[in-house]
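Below: one structure, written as structure tokens.
Quick note: the coordinates plus some simple rules give every number you see, no bench work behind them. Model, not experiment: these values are computed from the prediction. So basically every Cβ, Gly included, is an ideal-geometry build from the backbone, and we count neighbours across all protein chains shown.
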Amino acid sequence: LMRHLGAYRPAFTLESFRVIVDDHEDTGALAKDAASEATIKIHVGDRRLVATGEGTGTVGALDNALRMAITELLPQVAEFELVDYKVRLP
């Protein structure tokens with residue numbers, strides 16, 4: 001509705017992100033608990049923020065990086081909780 005009315009303003013805009021997965025198991029498949037590191041570049045207002053976060057899996061690392069980048073400017077993000085997600089492949 002806000003977009004339709006022209007009143008929507010995103011909390012941040014994404015410039016880019018990168019995820020590195022460090023899997024030490026030599027099984028040929030990615031371990032479920034592979035350590036991941038994510039770097040995210042976003043814009044909040046006129047500020048450009050860059051942050052790196054670590055986590056178990058790519059989604060956890062991206063979640064931590066985003067929180068590190070914007071929690072100071074948008075403290076309500078600290079109350080958000082990543083409960084579940086799905087990965088869909090075509």
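Just to be sure I understand the model, the point goes 7 Å from the Cα along the line to the Cβ. What's the resulting Ala78 to Val44 distance in nm?
Once both label points are built, they end up 1.2 nm from each other.
With label points built 7 Å along Cα→Cβ from the Cα atoms of Val21 and Leu1, find their separation and express it in nm.
Rounded to a tenth, the inter-label distance reads 4.0 nm.
Using θ = phi - 60° and the Karplus form 6.51 cos²θ - 1.76 cosθ + 1.60, what ³J(HN,Hα) does each residue of region 5-18 get, whole Hz, x for Gly and Pro?
With coefficients 6.51, -1.76 and 1.60, one gets 7, x, 9, 6, 10, x, 5, 7, 10, 8, 8, 6, 8, 9 Hz.
Rounding to the nearest 10 and keeping the result within 0 to 90°, find how far the Cα-based axis of helix 58-70 lies from the longest principal axis of the chain.
Approximately 30 degrees, to the nearest ten.
Between Val87 and Thr56, 0.36 nm times their residue separation minus their Cα-Cα distance comes to what? Spell out each step's value before the answer.
Numbers: separation 31, 0.36 × 31 = 11.16 nm, distance 1.51 nm.
Length difference between fully extended and current span is 9.7 nm.
Which of (1) 176; (2) 154; (3) 143 is the computed volume of the Cα convex hull per residue in Å³ for the structure on display?
Here the calculated entry is (3).
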